[in-house]
Amino acid sequence: CPICKGELFDIENGVFNLVALDGYRLAVRTEPIKTDKSFKFVVPARSLNEIAKLLKDDDELSCKVKVARKHIVFDLSGYMVFTRMIEGEFHPYKSAIPKECATEVIIETRKLMDSLDRAMPLINERTNSPVKFLFDNGTIDISCTSSLGNVNDKLNADMTGPMIKIGFKCRYMLDPLKACGDDKVKLLLSGSQMPLKIVPAKGEESYTYLVLPVRL
């Protein structure tokens, strides 16, 4: 649907939530913002990709956002990006984010990414095998088997809660880990058929990622 091809700007009570989703994943980035007004609008992802290229991770570059009835203007220190809003009702994302979990895991981001990177060569459109996770007693068993071969890894992690066996599409797990920028992440699980929640291992939840599992 068109509304899913954009990202939600949800600004309320001095908090800015930037939200994106597809049929399998949800991502929320949260930042404090200097405004006492409330806005909700959806910006096309294509426009935001162009804005991201202009920003180039420059911490000194400021961006002003000007909102009209059907359009948004991004003023980036000399560049003006003018785009239409996407009309429609965005998915109620807050209700989709689990508030509680059964099993909590803290793991080094790089170790988990390296394991998933080893599984990626076994996966293509014809062999779209899931990556299987077994969380149990301080150990994560990670495995993937396809017609191209198999991989098995065992990682140590700080873990509380009952054993959970669950599967995911490999790329859908890798993408949020690459984007988070933290040395460690917290994985929150509630069951083999419930979405995995990824948040920072320490401090406030400046980002939240949800990844839906696949049936094993």
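Could you tell me whether region 81-165 comes out rounded, prolate or oblate from its Cα gyration tensor? Rule is a ≥ b ≥ c as square roots of the eigenvalues, rounded for a/c under 1.5, then prolate if a/b exceeds b/c, otherwise oblate. Judged from the Cα gyration tensor, region 81-165 comes out oblate (a/c at least 1.5, b/c at or above a/b). In terms of its C-alpha gyration tensor, the chain comes out prolate, because a/c is 1.5 or above and the ratio a/b outweighs b/c.
Counting only aspartates and glutamates at least 8 places from K184 when in the same chain, those with an alpha carbon closer than 14 Å to its own are E104, E108, D114, D158, E204, E205. Each Lys or Arg adds one and each Asp or Glu subtracts one; over the other residues with Cβ under 14 Å from the Cβ of E12, this totals +1. For the peptides 178-186, 162-170, the ranking by packing is 162-170, 178-186, with the highest mean count of neighbouring Cβ atoms within 10 Å listed first. Would you mind classifying region 41-135 by shape? Square roots of the alpha carbon gyration tensor eigenvalues, ordered a ≥ b ≥ c; an a/c under 1.5 is rounded, otherwise it is prolate if a/b is larger than b/c and oblate if not. Prolate.
Around the Cα centre of the chain, unit charges on the Cβ atoms of Lys, Arg, Asp and Glu (plus for the first two, minus for the last two) sum to a dipole of about 620 debye.
Let's see if you can work this out: charge +1 on each Lys and Arg Cβ, -1 on each Asp and Glu Cβ, no other charges. What is the dipole magnitude of region 98-216 about its Cα centre, in debye to the nearest 20? Provide the component values of the computation, followed by the final result.
On the way: 16 positive and 15 negative charges, 73 e Å.
Computed about the Cα centre, the dipole is about 340 debye.
For the chain, a Gaussian network of Cα nodes joined below 10 Å ranks F133, F16, F74 by mean-square fluctuation, and the top entry is F74.
Each reported figure results from applying straightforward, stated rules to the coordinates on display, with no laboratory input. What you see is a predicted model; the values in this text were computed from it and never measured. Backbone-built Cβ (ideal geometry, glycine too); neighbour counts: all protein chains shown.
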